[in-house]
Amino acid sequence: MSSTTKVKRIGVLTSGGDAPGMNAAIRAVVRCADYMDIDCIGIRRGWNGLINGDVVRLDAKSVNGIINRGGTMLYTARSTEFMTLEGQQRAAQTCKFLGIDGVVAIGGDGTFRGCLDLSKQNIAVVGIPASIDNDIGCSHYSIGFDTACNTAAEAVDKLRDTMQSHERCSVVEVMGRHAGHIAIYVGLAVGATTVLVPEHEVDFERDVVERIRAARLAGRTHFMVVVAEGVCTAQEVAERIKDELGLDPRVTVLGHIQRGGNPTCRDRTAASKMGYIAVKALAEGRTNRIVCERSGEYIDIDMEEGLAMKKSLNETTYNALQAFAGAYA
Ligand code: F6P
């Protein structure tokens, strides 16, 4: 697509794991398209919807009342069929048949790789980062992270009440398949005794045993251990604590409740701004772009460059966590 080609009809889809704020992003895409005089088609069930022609026409009214709703009104899926060339060609065929010349895909890295495949079939594509894990390399922020952290922190606060009453140790497993962003933000917010993340090799003696021991010597009688699922299970951590310290920890796996719930103000506004930037990029003739948040500003960057970027844990958050948790030592 040339840099001056303006799209006339776009499709919007959500793909991969859902994240609170996806609905707000869909709404933003639809409303901005309407404002810019571009037709909008909702594609249901991720890339599968494009392969199967599972679509719905969306206008400004059809996204009434969803900005505050968790989940995704378009459903989502992880499509194995779209990973094949045949699937991609069928998806492109649907686009051609329906006159869709651009697609906004809301999801994570896997979704963006799908975008690149579709772009090879001459469809303009823009990706919007949405993942509670906040692990999309090129963007400081991914839609859903704030809501997930708030959900997890609220749950841990409740756990703390009962752990404090019974003078117990709690081991809480939070989501984060390959990333510890949720774990460190929640750990900092709840004042965890220690936090285990996949980005840093765990030395059990140093990171768990010594931390709990130091907290006990400082007078604490309840302990909160937060572990990202990418490290190991909370059950494994609890068993080791039992073996090495003689405590009888209680295990809580927060699981999918972290993926649900009404998006926070931060997620709604991020989603709204990202949706706007995505449609603007397509309207201005740009393709193969990922919308990114960089230090509070929203921009779109080249998709291949974006996919090549790696993201590390927020250093200040991690260091602050170490300082507070290590303060007993
Ligand atoms: O990528 C987001 C995430 O919630 C991960 O933290 C988690 O490991 C995974 O998705 C679970 O995915 P699902 O249960 O949808 O397969």
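Could you tell me whether any residue of region 26-49 is open to solvent by less than 10 Å² (accessible area, probe 1.4 Å), over 19 Å from Pro129 (Cα atoms) and either under 21 Å from the mean Cα position of the chain (by Cα) or among the small types (Gly, Ala, Ser) (or both)? For region 26-49, residues open to solvent by less than 10 Å² (accessible area, probe 1.4 Å), over 19 Å from Pro129 (Cα atoms) and either under 21 Å from the mean Cα position of the chain (by Cα) or among the small types (Gly, Ala, Ser) (or both): present.
Total residues in region 138-151 satisfying the condition of being under 15 Å from Tyr298 (Cα atoms) and within 14 Å of the ligand (Cβ to nearest atom): the figure is 2.
Can you name every residue in region 50-63 that is touching a Ser or Thr at 6+ places or on another chain (Cβ under 6 Å) and either small (Gly, Ala, Ser) or surrounded by fewer than 13 Cβ atoms within 10 Å (Cβ to Cβ) (or both)?
Answer for region 50-63, where residues must be touching a Ser or Thr at 6+ places or on another chain (Cβ under 6 Å) and either small (Gly, Ala, Ser) or surrounded by fewer than 13 Cβ atoms within 10 Å (Cβ to Cβ) (or both): just Gly53.
Scan region 75-100 for residues that are within 16 Å of the ligand (Cβ to nearest atom) and open to solvent by less than 30 Å² (accessible area, probe 1.4 Å) and jot them down. If the condition is that a residue be within 16 Å of the ligand (Cβ to nearest atom) and open to solvent by less than 30 Å² (accessible area, probe 1.4 Å), then Ala77, Ser79 are the ones that fit. All of (1) under 30 Å from Ile257 (Cβ atoms); (2) open to solvent by less than 20 Å² (accessible area, probe 1.4 Å); (3) not in a helix (DSSP H, G or I) hold for Phe112 with one exception: (3). Just so you know, in region 196-209 the residues that are touching a strand residue (DSSP E or B) at 6+ places or on another chain (Cβ under 7 Å) and away from the ligand (no atom under 16 Å from the Cβ) include one that is most open to solvent (accessible area, probe 1.4 Å), and it is Val202. Does Phe112 meet the test of being in contact with a helix residue (DSSP H, G or I) (Cβ under 7 Å, 6 or more places away or on another chain) and in the same structural domain as Val29 (by TED's automatic domain parsing)? Yes; evaluated as a whole, the condition is true for this residue. Scanning region 126-155 for residues that are surrounded by fewer than 23 Cβ atoms within 10 Å (Cβ to Cβ) and among the hydrophobic types (A, V, I, L, M, F, W, C) yields Ala153, Ala155. Restricting region 64-74 to residues that are over 23 Å from Ala281 (Cα atoms) and touching a Gly at 6+ places or on another chain (Cβ under 9 Å), the residue that is most open to solvent (accessible area, probe 1.4 Å) is Met73.
Of the residues making up region 240-281, those that are more than 24 Å from Pro20 (Cα to Cα) and not β-branched (Val, Ile, Thr) are Arg240, Lys242, Asp243, Glu244, Leu245, Gly246, Leu247, Asp248, Pro249, Arg250. Is region 239-251 home to any residue that is at pLDDT 95 or above and closer than 29 Å to Ile128 by Cβ? There is no residue in region 239-251 that is at pLDDT 95 or above and closer than 29 Å to Ile128 by Cβ.
Number of residues in region 24-51 that are out of contact with any helix residue (DSSP H, G or I) (no Cβ under 8 Å at 6 or more places or on another chain) and more than 10 Å from Thr76 (Cβ to Cβ) equals 2. Applying the selection to region 210-261, what residues are away from the ligand (no atom under 15 Å from the Cβ), part of a loop (DSSP other than H, G, I, E, B) and exposed (fewer than 15 other Cβ atoms within 10 Å of the Cβ)? Answer for region 210-261, where residues must be away from the ligand (no atom under 15 Å from the Cβ), part of a loop (DSSP other than H, G, I, E, B) and exposed (fewer than 15 other Cβ atoms within 10 Å of the Cβ): Ala218, Gly219, Thr221, Gly246, Asp248. Tell me which residues, restricted to region 241-265, are of a type in the set (D, E, K, R) and either touching a Pro at 6+ places or on another chain (Cβ under 9 Å) or over 15 Å from Val226 (Cβ atoms) (or both). Lys242, Asp243, Glu244, Asp248, Arg259 - these are the residues of region 241-265 that are of a type in the set (D, E, K, R) and either touching a Pro at 6+ places or on another chain (Cβ under 9 Å) or over 15 Å from Val226 (Cβ atoms) (or both). Taken over region 277-300, residues that are open to solvent by less than 20 Å² (accessible area, probe 1.4 Å) and over 18 Å from the mean Cα position of the chain (by Cα) amount to 4.
Arg177 meets the conditions (1) modelled with pLDDT of 95 or more; (2) in a loop (DSSP other than H, G, I, E, B); (3) within 12 Å of the ligand (Cβ to nearest atom) in every case but one. The failed one is (1).
The values are calculated or read from the model by the stated rules, or taken from the named source; none is laboratory data. Since this is a predicted model, take the numbers as computed values, not measurements. Reconstructed Cβ throughout: ideal geometry from the backbone, glycine too, with neighbour counts over all protein chains shown. With ligands, DNA and RNA removed, areas are computed over all heavy atoms of the protein, side chains included. Shrake-Rupley method; radii C 1.70, N 1.55, O 1.52, S 1.80 Å.
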